[in-house]
């Protein structure tokens, strides 16, 4: 039994797989003021469509719809099956509030009242 598939069949299967990933994913990557769809996201990286997205490098932001998820420092790791894969060098979760520079007591006062 052979596992050889003609090139046009392989290309068709890859195109169908990429179309399915594009259709069902809301994730976006933003770099330099432009956004592109993310095909897959995993713990140590993500992938984008190599034919559509230019080579990314450095600091990017990852969004789920309008929600900012991560600010990441990335490096390209390789291309396979029409997907360009990137690995995180640093992956910081985005928060809605700035970080505190002191410990806030859980039962402490929220504000000071004047006398």
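Taken together, the values in this text are just the output of simple stated rules run on the coordinates, not laboratory data. Model, not experiment: these values are computed from the prediction. Cβ coordinates were reconstructed from backbone atoms using ideal geometry, including for glycine residues, and neighbour counts include every protein chain displayed.
Only Cα pairs under 8 Å and at least 6 apart count here; give the relative contact order of the chain as a rounded whole percent.
Once divided by the residue count of the chain, the mean separation gives 18 percent.
Based on DSSP H runs of at least 4 residues, each adding -39500 (n - 2.57), what is the mean residue ellipticity at 222 nm of the chain after dividing by all its residues, to the nearest 500 deg cm²/dmol?
So the helix-based figure for the chain works out to -5500 deg cm²/dmol.
Helix 7-24 against the longest principal axis of the chain: what's the angle in degrees, Cα atoms only, rounded to the nearest 10?
Long axis of 7-24 versus the principal axis of the chain: about 20 degrees.
Give the label of the value calculated from the structure for volume of the Cα convex hull per residue in Å³, choosing from [x] 183; [y] 103; [z] 206.
Here volume of the Cα convex hull per residue in Å³ agrees with entry [x].
At a 10 Å Cβ-Cβ cut-off, how would you order 103, 88, fewest neighbours first? Show your work: numbers first, answer last.
Working: 103 7, 88 19.
Lowest to highest Cβ neighbour count: 103, 88.
What FRET efficiency comes out for residue 30 versus residue 111 if R0 is 30 angstrom and r is the Cβ-Cβ distance? Round to the nearest 0.05.
Numbers: r = 35 Å, r/R0 = 1.18.
After rounding, the FRET efficiency stands at 0.25.
Assuming R0 = 41 Å, what is the FRET efficiency of residue 96 and residue 14, from their Cβ-Cβ distance, to the nearest 0.05?
Plugging the Cβ-Cβ distance into 1/(1 + (r/R0)^6) gives 0.60.
Mean-square fluctuation check for the chain, GNM, Cα pairs under 10 Å: which of 56, 100, 18 is largest?
With Cα springs under 10 Å in the chain, the top fluctuation among 56, 100, 18 is at 100.
Arrange the following residues from fewest to most other Cβ atoms within 10 Å of their Cβ: 57, 104.
104, 57
So how do 61, 11, 101 line up by other beta-carbon neighbours within 10 Å, fewest first?
101, 11, 61
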